Each structure stands twice: as structure tokens, then as C-alpha cells.
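The values are calculated or read from the model by the stated rules, or taken from the named source; none is laboratory data. Quick caveat: nothing in here was measured; it's all calculated off a predicted structure. Here the Cβ positions follow ideal geometry from the backbone for every residue, glycine too, while neighbour counts run over all protein chains shown. Accessible surface is based on the protein model in full, side chains and every heavy atom, while ligands, DNA and RNA are left aside. Shrake-Rupley method; radii C 1.70, N 1.55, O 1.52, S 1.80 Å.
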Amino acid sequence: MPLVAVIPQPNAPVELREVPSPELEADSALLEVELSEVCGTDVYLQQGRLQGVPYPLVPGHVSVGRLSKIRGTIRDVEARVFREGDRVTFLDVHRTCNACWFCLVARATTRCPQRKVYGITYGLEDGLCGGWAEQIYLKPGTHCIRLDADPEIFMTGGCALPTALHAVERADIMIGDTVLVLGSGPVGINAIILSLMRGALKVFCIGAPALRLEAAIEAGAAEVLDFETHSEAERSEWVLERTNGRGADVTIEAAGAPDAVVQAMRFTRDAGRVVIVGQYTDHGPTAFNPHLDLNKKHLDVRGCWGSDFSHFHRSVQLTSDPVRSAPWAALKNRLSRYKLAQANDALTDVSEGRVMKALITPRALH
């Protein structure tokens, strides 16, 4: 029986359990997991800070592995048939209804009320539906993507890569723009890389701790600033000094702190653009002056929630390309690997910012 790491209930430590292998439905598959991500969302899941989570839960919503058993036929978006032994990743969003107002009219599938996500809104009762396990059951309709990339290079981007890709699109970054990224975690690091690909002239980053700011420089940031040792006024002055007194053309908030949203508006030039992508869970309220911080500045402020298949697919393409994948290849040495039995250590290290990116390696010795 495959071994899994389970969050039994909110604020409880991860447990190891053996569970039966599933009976495959038509057009489904079994994935032997090679790598699965530990991200901030998993920390929130363990802390019980997300709504609608069906505990007990096997976390791990972005994973890589090989198809060990297929029943029926599974095809990629090019209509090519997958074979047993193929290395794949898959879109963690398994189900959107494609029938509701959000899917068909707003074209915002990330807001579909029927949306189901591996490792987040599928619990253990739904089957082997999380990556912190030796096997994942890929339900019928799961969108698999053939992975030609080095698995570790792809996972260096991880779930933050499609999220950041969505944010950069929402930011409508233009050639020559100066971009400010608030937050030096995985989403912020990916936003730096993608902003430069999109045509930004310079990208500045305000974040912490030091090891993540070092990664931001490796990712291409022109300069970085540690917010823990500088006041808001000092941060504002730092941005103005580097933008001819105007502020950034575009600011991407990827910090997750409510006051970072206000600072994103204040650090952006008049008639600039702000994208809020760091508020995935409820961190509490914040206050701002609608006249001074928003309206008088004539700002375009946009929220960004999750990602869809197009972002995920393009993330695989980028990390598979020999040239475009270079920024993630350079950061691969910052990966930290944990066995299933070390899942609690991984959650602690991610929560406290001790690592840049944590991966569970289920097939390692336990």
C-alpha cells in the first residue's frame, strides 16, 4: 500500500499513513510521485487558514512523476496519447464546471464555484489526491502535461511560476517599464524573472530574509532592499531615488501582508499599475486613503487569484526551453529536499523562511 503524509486536522502535525491503491476508473491513471512541492499554501492548510478544506488531507498540489498505470486513454492538448512510463506534471485544478457564469461569461475559471484542486480541496476521502505520497490517483479529466524539462528545474518555479505568470499578465508590463516587486518568496522571485522576460528595463525587489534577497538578485533584480531593517518611509525614498522621483511604473505585491497592498499603491507612480497577488488567504484588514493613495494617483489596481491551464502549460514550456529556462536552472541549487517523514520539518522551514523552495521526495528512504 502506498505511503502518504496526511494533515489530520487543522493545527495538527503531519502523520504518515498507508492507504490502499485505488481502483482506476476509465481514462484515469496512477502517478508514481518523484517530487512534490511544499509551499505557503501548505503552511496555511496546516494552520487551518483556508476555507472549505476537507480534512484529513494529503497536501501537495504541484507534483512531478511517471505514469505507472493507465486505464483507457489519456491525451495531452496536442492530442498525443500518454504511455505508461511517461514523465508528466498535471494541472492541480482538476475540475471547473465550464457551465457557470464565471466560466462562460466572465471567462474567469479561477472563480468557478465548482472548482476542485488536488492537495487543497480534495481530501483523503476523495482518494490519493495529494502529492505528499508515493502515488497520486489522476482522476478522469485531469489535464496532464508531458514534462521534457529537468524535473528539478520545473519545480524550482513550482506553483509560484504559473501564479506569477498570471500576475505579470495582469500587470500588462510594457517594454522599458520599471517594475517593483514586494516580496522575495517564490511568487516574488518568479515575478522578477517573468517581468524581465516581458520587457521590463529594471526590476527592484523589497523583501526578506537575506537568503531570499540573494535569490532575487540571482533571478535578475537590479537592486534589493530588506524591509525588516528599513521603515516604510525609507522604503518609499529608496524607490523614489531609483525612479526619478516618480515611483515604479508597475508594482506587484507578492508579500502576503495587508500593509504591503497599501505600500504597493504608494510606491507606484501616478497613472501606474498595481497587481495584488500575495493575498491568497485572509491576513486581515488594512486601511488606506482612497483620495491620496488611489484616486488622485489615477492608479489601475488589479487583483490576481490563482492560475489556469494556459499559465501552467506555458510554465512547462518555459522551463523546458534550453534558453528560457536559464533563470530557473541557476536557482536549482537553492532547492531543499525532504523525505515524507520530514514533512513537518519542511512546513516549519517554509513557514519561517529558512529555505527558498522545499520539495518532498516520496520515493526516498523513509
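Residue by residue, here is whether (1) more than 26 Å from Val6 (Cα to Cα); (2) of a type in the set (A, V, I, L, M); (3) modelled with pLDDT of 95 or more holds:
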residue: Cys39; (1), (2), (3): no, no, no
residue: Gly52; (1), (2), (3): no, no, no
residue: Pro56; (1), (2), (3): no, no, yes
residue: Gly60; (1), (2), (3): no, no, yes
residue: Ser63; (1), (2), (3): no, no, yes
residue: Arg80; (1), (2), (3): yes, no, yes
residue: Phe90; (1), (2), (3): no, no, yes
residue: Ala108; (1), (2), (3): yes, yes, no
residue: Gln114; (1), (2), (3): no, no, no
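Taking Asn244 and the conditions (1) within 21 Å of Trp328 (Cα to Cα); (2) without any contact (Cβ under 8 Å) to a residue 12 or more places away in the chain, which numbered condition does it fall short on, given that it satisfies the others?
Just one mismatch for Asn244, condition (1).
Go through segment 334-364 and report how many residues are farther than 19 Å from Pro151 by Cβ, open to solvent by 20 Å² or more (accessible area, probe 1.4 Å) and outside any helix (DSSP H, G or I).
Number of matching residues: 2.
Please identify the pairs in which a residue from segment 112-131 that is under 17 Å from Gln9 (Cα atoms) has its Cβ atom under 7 Å from the Cβ atom of a residue that is part of a loop (DSSP other than H, G, I, E, B) and of a type in the set (Ser, Thr, Tyr), counting only partners at least 6 apart or on another chain.
If the second residue must be part of a loop (DSSP other than H, G, I, E, B) and of a type in the set (Ser, Thr, Tyr), the pairs left are Gly123/Tyr55; Cys129/Tyr118; Cys129/Tyr122; Gly130/Tyr118.
Yes/no matrix, rows are residues, columns are (1) assigned to a loop (DSSP other than H, G, I, E, B); (2) within 22 Å of the chain's Cα centre (by Cα); (3) of a type outside the set (D, E, K, R):
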| site | (1), (2), (3) |
| --- | --- |
| Pro59 | yes, yes, yes |
| Gly65 | no, yes, yes |
| Ser68 | no, no, yes |
| Thr73 | yes, no, yes |
| Glu78 | yes, no, no |
| Arg83 | yes, no, no |
| Thr89 | no, yes, yes |
| Ala99 | yes, no, yes |
| Thr110 | no, yes, yes |
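Return only the number of the condition from (1) part of a loop (DSSP other than H, G, I, E, B); (2) within 29 Å of Arg71 (Cα to Cα); (3) hydrophobic (A, V, I, L, M, F, W, C) that Ile145 does not satisfy.
Condition not satisfied by Ile145: (1).
What is the number of the single condition among (1) under 28 Å from Asp86 (Cβ atoms); (2) within 22 Å of the chain's Cα centre (by Cα); (3) open to solvent by 40 Å² or more (accessible area, probe 1.4 Å) that Pro10 does not meet?
With respect to (1) under 28 Å from Asp86 (Cβ atoms); (2) within 22 Å of the chain's Cα centre (by Cα); (3) open to solvent by 40 Å² or more (accessible area, probe 1.4 Å), Pro10 is out only on (1).
Per-residue answers, yes or no, for (1) surrounded by 12 or more Cβ atoms within 10 Å (Cβ to Cβ); (2) assigned to a loop (DSSP other than H, G, I, E, B):
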site: Gln279; (1), (2): yes, yes
site: Gly284; (1), (2): no, yes
site: His291; (1), (2): no, no
site: Lys297; (1), (2): yes, yes
site: Phe312; (1), (2): yes, no
site: Thr319; (1), (2): yes, no
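Of Arg324, Arg273, Arg302, which residue is open to solvent by 50 Å² or more (accessible area, probe 1.4 Å) and either part of a loop (DSSP other than H, G, I, E, B) or in contact with a Leu (Cβ under 9 Å, 6 or more places away or on another chain) (or both)?
Arg324
Are there any pairs, at least 6 apart or on different chains, whose C-beta atoms fall under 7 Å, with the first in segment 54-74 and within 13 Å of Asp27 (Cα to Cα) and the second crowded, with 24+ Cβ neighbours inside 10 Å, and if so, which?
Close Cβ pairs (under 7 Å, with a partner that is crowded, with 24+ Cβ neighbours inside 10 Å) amount to Leu67/Ala29; Leu67/Leu31; Lys69/Ala29; Ile70/Ala29; Ile74/Ala29.
Please work out which one of (1) within 30 Å of Arg107 (Cβ to Cβ); (2) touching a residue at least 12 places away in the same chain (Cβ under 8 Å); (3) of a type in the set (Ser, Thr, Tyr) is the condition Ser310 fails and give its number.
Checking Ser310 against (1) within 30 Å of Arg107 (Cβ to Cβ); (2) touching a residue at least 12 places away in the same chain (Cβ under 8 Å); (3) of a type in the set (Ser, Thr, Tyr), the one that fails is (2).
Which number in (1) within 21 Å of Asp308 (Cβ to Cβ); (2) touching a strand residue (DSSP E or B) at 6+ places or on another chain (Cβ under 6 Å); (3) of a type outside the set (S, T, N, Q) marks the one condition that Val187 misses?
(2)
Consider Ala208 against the criteria (1) within 18 Å of Gly256 (Cβ to Cβ); (2) touching a Leu at 6+ places or on another chain (Cβ under 8 Å): it satisfies all of them except one. Which criterion is unmet?
(2)
Kindly evaluate Pro258 against the criterion of being closer than 27 Å to Gly158 by Cα and open to solvent by 20 Å² or more (accessible area, probe 1.4 Å).
yes
Restricting attention to segment 169-184, which residues are more than 18 Å from Gly247 (Cα to Cα) and surrounded by 24 or more Cβ atoms within 10 Å (Cβ to Cβ)?
Ser184
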